[in-house]
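Taking it in order: structure first as structure tokens, then the write-up.
The values are calculated or read from the model by the stated rules, or taken from the named source; none is laboratory data. For clarity, every value in this text was computed on a predicted model and none was experimentally measured. A quick note on method: Cβ atoms are made from the backbone with ideal geometry, for glycine too, and the neighbour counts reach across all protein chains shown. Accessible surface areas use protein heavy atoms only, side chains included; no ligands, DNA or RNA. Shrake-Rupley method; radii C 1.70, N 1.55, O 1.52, S 1.80 Å.
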Amino acid sequence: MAKVKTTQTDASVAAFIESYVDSEQKRKDAFELVQIMENCTGYEAKMWGPSIIGFGVYLSKSEKSKQANEWPLVAFSPRKAAISLYVHSNTEKNQALIAGLGKYKKEKGCIYVKKLADIDTGVLKEMITEAIRSLEEKYGKV
């Protein structure tokens, strides 16, 4: 069975942001997202793999392999092209909320934003709360 590459690490979130992020605006946005997600989730930011900042954890069970893996409840990565937001958006409520999020692109499980000023952070906070509710309802609390 293949080993999961994206696992929680002890690396410093602040050091990652300072060393990895390529612009002052994205650095500012990354630190603001840390605050937003910590406040919404009640969990401290943790590094997941080399470039994802996650909050909380749930035990995801694959339908195909029956393998269970730990994943962050919500997360983001301040990538060069855009900030990747990992916020479960497949609930009915989040499908309705995302219409008011602002300027973004969505592919697979990610929401991509160029900068925080492009989106309504109030809507993002509601989506985070709904994502956590949905995941904990489905998988339980870890």
*Just name one of Ala14, Gly49, Gln25: the one whose Cα is farthest towards the positive end of the charge dipole of the chain (beta-carbon charges, Lys/Arg +1, Asp/Glu -1).*
Gly49
_Given a 1.4 angstrom probe, I'd like the percentage of the accessible area of the chain that is carbon and sulfur, rounded to a whole number._
51 percent
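Tell me the relative contact order for segment 52-104 as a rounded percent, counting alpha carbon contacts under 8 Å between residues six or more apart.
Reported relative contact order: 26 percent.
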_Neighbourhood charge, 10 Å Cβ-Cβ cut-off, centred on Asp22 and excluding it, Lys, Arg +1 and Asp, Glu -1_ = +3
*What does the charge count near Lys46 come to, summing +1 for each Lys or Arg and -1 for each Asp or Glu among other residues with Cβ under 13 Å from its Cβ?*
-4
*Rounded to the nearest whole Å², what accessible area per residue is found for the chain with the 1.4 Å probe?*
58 Å²
*What number, in percent, do you get for the relative contact order of segment 22-83 if the mean sequence gap of Cα pairs under 8 Å and at least 6 apart is divided by its residue count?*
26 percent
*For segment 11-125, give the magnitude of the charge dipole about the Cα centre (Cβ charges: +1 Lys/Arg, -1 Asp/Glu; no others), in debye to the nearest 20.*
400 debye
*Could you work out, for segment 1-116, what percent of all Cα-Cα pairs fall into each 5 Å distance bin, beginning at 0 Å and stopping at the bin that holds the largest distance?*
2, 11, 19, 24, 21, 13, 7, 2, 0
*Tally Lys/Arg at +1 and Asp/Glu at -1 over every other residue whose Cβ is under 13 Å from the Cβ of Leu73; what's the total?*
-2
*Value of relative contact order over segment 1-122, rounded to a whole percent, pairs C-alpha under 8 Å and six or more apart*: 19 percent
*Show that you can apply the helix-only estimate: for the chain, add -39,500 (n - 2.57) for every DSSP H stretch of four or more residues, divide by all residues, and state [θ] at 222 nm to the nearest 500.*
-11500 deg cm²/dmol
